[in-house]
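Following: one structure in structure tokens, then a few remarks.
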Amino acid sequence: MGYKRILLVFTLVTLLIACEQNESIATDLNNLELRTQWRQCLYDSVTKSDEKACQQYQEECEKRQGSNNFACY
């Protein structure tokens, strides 16, 4: 029974680390990179796989706008 508990803890830690790392790809971008990616989402046709990234770019733009950083506008 001990190995099952260790496996469970290991699995939970791995999932938590993965979720934290994939929280948002946009937060690490500088203003120019964010604006470039955000505009690409606006003007280019977006595939299904790009939708999540584009949504994260939009959310990061709104977050920065809230702190008077108009990187995307």
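Where a number appears in this text, it was derived from the coordinates with a stated rule and is not lab data. Given the structure is predicted, the values throughout are model-derived calculations rather than measurements. Positions of Cβ are generated from backbone atoms using ideal geometry, with glycine treated the same way; all protein chains shown enter the neighbour counts.
A few remarks follow.
- Only Lys, Arg, Asp and Glu carry charge here, each on its Cβ (+1 for the first two, -1 for the last two); on that basis region 27-70 has a dipole of about 80 debye about its Cα centre.
- Cβ-derived FRET efficiency at R0 22 Å, Tyr43 paired with Ala71, nearest 0.05: 0.85
- In sequence order, region 41-48 has phi-based couplings of 5, 6, 9, 9, 6, 9, 7, 4 Hz under the Karplus curve 6.51 cos²θ - 1.76 cosθ + 1.60, θ = phi - 60°, and Gly or Pro positions carry x.
- Among Thr47, Thr27, the ranking by other beta carbons within 10 Å of each residue's beta carbon, starting with the fewest, stands as Thr47, Thr27.
- Residue exposure sequence - Asp44, Asp50 - by fewest surrounding Cβ within 10 Å: Asp44, Asp50
- Stretchable slack from Thr36 to Gln55, in nm (0.36 nm times residue separation minus alpha-carbon distance): 5.4 nm
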